[in-house]
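Have a look at the structure below before the remarks.
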Amino acid sequence: MTGTAIRAYAPGRVNLIGEHTDYNLGFALPIALPMGTTVDYRPADPGVDDDRLVATSTAEPDTCVIDRDTRPGDVGGWGAYVAGCAWALREAGHRIRGGTLHVDSTVPVGAGLSSSAALECAVLLALTADARPDRHEIARLARRAENDYVGAPTGLLDQLSSLYGDVDTALLIDFRSLAVAPIPCELDHQVRLLVIDSRSAHQHVAGEYAERKASCERAAAELGVDSLREASSDAWESLPQGPIRSRARHILTENARVLDAAGALRDRDFTALGVAMDASHRSMRDDFEISTPQIDRIVDAAKDLGALGARMTGGGFGGSVVVFADAASASAITDRLPDTIVDAGFTRPQVREIRPGRGATVGSAPTVDSGDVEQHN
């Protein structure tokens, strides 16, 4: 592919249930979105100085120049994710060529829909198109870029969701074995899936996310296990009252909810799925304390309008709400919820009706039908 333009595409994701379980080696149930990031990479021609990557973005005015020997801290902003991928590849022994990269994305930034992982996975797939590493390796490289170059202490949820997603399919991910099991998620005219962007942006690099991760590590240490995945489901009861006990309770009960939700989705029991989602949101709000008043108000409004289940999705402290609803309730939520949230004094949210989309590809980015994503303000 010397000198030939390479196009790679990676989608964002919505996590149906299983928050902050990935770095605790637990379970999660995400889908890939029908929205994603496209990267066009043109390697430098032979004999041309190829020590640098020059990255541009449709959404950003600045050009990002990345030296071959870039180190964490050299590049900030959106370019840090691109630079982090180049750095992670070099640290892993991969030889990459300089050239130009252009980024175009339809994933809303800061909405908790994994715009960063979509960017990382698309960049890595483009840069390694000749070598073709397996997708688990791409996921690990993307996580290293985000953890060690950007400084966000995330797990592998977002990357695996983007890389392994498929149309009308949810993914049951076991983060201890890294097994990814497809679960049918075929929606019809009776059941709708909505994502409600609060338009209150979140930040993974904020100290609150890192504090939650550290709390889980302390809980595991107090329980005498390497990770909370190794603890029994009721082990949190032996911990003293306080944040560490609450954080452990969320993780251990969330793992059980993910497995219940996966079974319910497999059986198309959307009522049971909704029960698990509702309980998950209460746990994130009360035990893990990662919700916000605006997110809670959106969840409550969706339930008041008939949602089968509603919960915050993503790392927390802003972002989006995911909702399952029957057709009539979905219509009511779409039409009435934004005004309800504005009347409560918050920013007007955006409601999208979605379905699970395809995963990452090298080649052409998928075309998104008007039936795949509908947006309402």
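Here, each number is a calculation from the coordinates, and none is a lab measurement. Predicted model, so just to flag it, every value in this text is computed and none were measured. Heads up, the Cβs are rebuilt from the backbone with ideal geometry, glycines too, and the neighbour counts pull from every protein chain shown.
May I ask you to list the GluC sites (Glu not before Pro) in segment 157-226 that are in a DSSP loop and have at most 16 other Cβ atoms within 10 Å of their Cβ?
186
Over segment 203-244, what lengths in whole Å, largest first, do the semi-axes of the equivalent ellipsoid take, defined as the square roots of 5 times the eigenvalues of the alpha-carbon gyration tensor?
21, 11, 8
What does the net charge come to around residue 234 if you take all other residues with beta carbon closer than 13 Å to its beta carbon, with K and R at +1 and D and E at -1?
Working: positive: 245, 249; negative: 237.
Neighbour charge sum, excluding residue 234 itself: +1.
What is the sum of charges, Lys and Arg at +1 and Asp and Glu at -1, for the other residues whose Cβ falls under 14 Å from the Cβ of residue 131?
On the way: positive: 90, 95, 97, 132, 135; negative: 130, 134, 137.
It works out to a net charge of +2.
With the crude spin-label approximation of a point 7 Å out along Cα→Cβ, what separation in nm comes out for residue 131 versus residue 304?
Distance between label points: 5.3 nm.
Hey, with R₀ at 51 Å, roughly what FRET efficiency would residue 52 and residue 166 work out to, going by the Cβ-Cβ distance, to 0.05?
Once the sixth-power term is evaluated, E becomes 0.90.
Would you kindly calculate the translational diffusion coefficient of the chain, applying Stokes-Einstein with the Kirkwood radius from alpha carbon pairs, for 37 °C and a viscosity of 0.692 mPa s, and quote it in µm² s⁻¹ without decimals?
Working: Rh = 20.9 Å.
The Stokes-Einstein estimate is 157 µm²/s.
Under the 0.36 nm per residue contour assumption, what length would be gained going from the current alpha-carbon distance of residue 327 and residue 342 to full extension?
3.1 nm
What net charge do the residues around residue 5 carry, taking every other residue with its C-beta under 10 Å from that of residue 5, with Lys and Arg at +1 and Asp and Glu at -1? Write out the running numbers ahead of the final one.
On the way: positive: 7, 42; negative: 40.
Neighbour charge sum, excluding residue 5 itself: +1.
Calculated FRET efficiency, residue 100 and residue 225, Cβ-Cβ r, R0 51 Å, to nearest 0.05? Walk me through the numbers on the way to the answer.
On the way: r = 48 Å, r/R0 = 0.94.
In this case the efficiency is close to 0.60.
Using only the alpha-carbon atoms of segment 76-153 as identical scatterers, what base-10 log of I(q)/I(0) does the Debye formula give at q = 0.11, 0.14 Å⁻¹?
Ignoring solvent entirely, the Cα scatterers give -0.25, -0.41.
How big is the charge dipole of segment 224-377 about its Cα centre, in debye rounded to the nearest 20, if each Lys and Arg gets +1 on its Cβ and each Asp and Glu gets -1 on its Cβ?
Value, rounded to 20: 240 debye.
I need two numbers for segment 187-376: Rg to one decimal and Dmax as a whole number, Cα atoms only, in Å.
18.0, 54
Based on the Cβ-Cβ distance of residue 63 and residue 181, what FRET efficiency does E = 1/(1 + (r/R0)^6) give at R0 = 51 Å, to the nearest 0.05? Write down the numbers at each step before the final one.
On the way: r = 42 Å, r/R0 = 0.82.
The computed FRET efficiency comes out at 0.75.
If one computes the Cα centroid of segment 164-195 and of segment 307-366, what distance in Å separates the two points?
That distance is 16 Å.
So what are the radius of gyration and Dmax for the Cα set of segment 1-85, in Å?
16.8, 50
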